[in-house]
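Please read the structure below before turning to the comments.
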Amino acid sequence: MTTLTCEGCDDPIEDDGSHIDFNGEDWHEACFEVSGGPSYCCGMMYEDGEDTCQSCGEPL
């Protein structure tokens, strides 16, 4: 089995389905949020200019 490594912190990613695969790169959700890339909420990616999650209504 291959161990996934987070692109943001280089730590291993647990195989529990709670990571983000963005353009073929694997990220912890927390690392992805602080990376300055698109926002992520409720399983959806939001590009710059979007400020509210369409699913839950929380600010991005």
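The values are calculated or read from the model by the stated rules, or taken from the named source; none is laboratory data. Small disclaimer: the values here were computed from a predicted structure and weren't measured. Areas reflect the complete protein model, heavy atoms only, side chains present, ligands, DNA and RNA absent. Shrake-Rupley method; radii C 1.70, N 1.55, O 1.52, S 1.80 Å.
Taking amide H positions as placed in the peptide plane 1.01 Å from N, state which residues far from residue 53 in sequence (5 or more) or on other chains have amide H under 5 Å from it.
58, 60
Sort 32, 22 by accessible area with a 1.4 Å probe, largest first.
Order by accessible area, largest first: 22, 32.
Only Cα pairs within less than 10 Å get springs; with that Gaussian network setup on the chain, which residue of 21, 11, 48 has the largest fluctuation?
48
Just how much of residue 40 is accessible, in Å², when a 1.4 Å probe is used and the result is rounded to the nearest 10?
Number for this one is 60 Å².
With contacts defined as alpha carbon pairs under 8 Å and 6 or more residues apart, what's the relative contact order of the chain in percent?
Once normalised by length, the contact order is 20 percent.
Output wanted: per-residue J couplings in Hz (rounded whole) for segment 26-37, from phi through Karplus 6.51 cos²θ - 1.76 cosθ + 1.60, θ = phi - 60°, x for Gly and Pro.
9, 9, 5, 4, 5, 5, 5, 5, 8, 6, x, x
Tell me the accessible surface of residue 9 in square angstrom (1.4 angstrom probe, heavy atoms of protein chains only), to the nearest ten.
It works out to around 50 Å².
Hey, any idea what Rg/Rh is for the chain, computing Rh the Kirkwood way over Cα pairs? Mind dumping the intermediate values first?
Values: Rg = 12.2 Å, Rh = 12.2 Å.
Taking Rg over the Kirkwood Rh, I get 1.00.
Rounded to the nearest 500, what is the chain's calculated 222 nm mean residue ellipticity when only DSSP H runs of at least 4 contribute -39500 (n - 2.57) each, over all residues?
-2500 deg cm²/dmol
Would you mind checking which residues have amide H under 5 Å from residue 13's amide H? H placed 1.01 Å from N; only 5 or more apart, or other chain.
Result for residue 13 returns 4, 5, 6.
Per-residue HN-Hα couplings for segment 11-17, Karplus 6.51 cos²θ - 1.76 cosθ + 1.60 at θ = phi - 60°, whole Hz, x for Gly and Pro?
Coupling constants for segment 11-17: 8, x, 9, 5, 8, 10, x Hz.
Tell me which residues come under 5 Å, amide H to amide H, from residue 26 once H is placed; ignore anything under 5 positions away on its chain.
Amide H neighbours of residue 26: 7.
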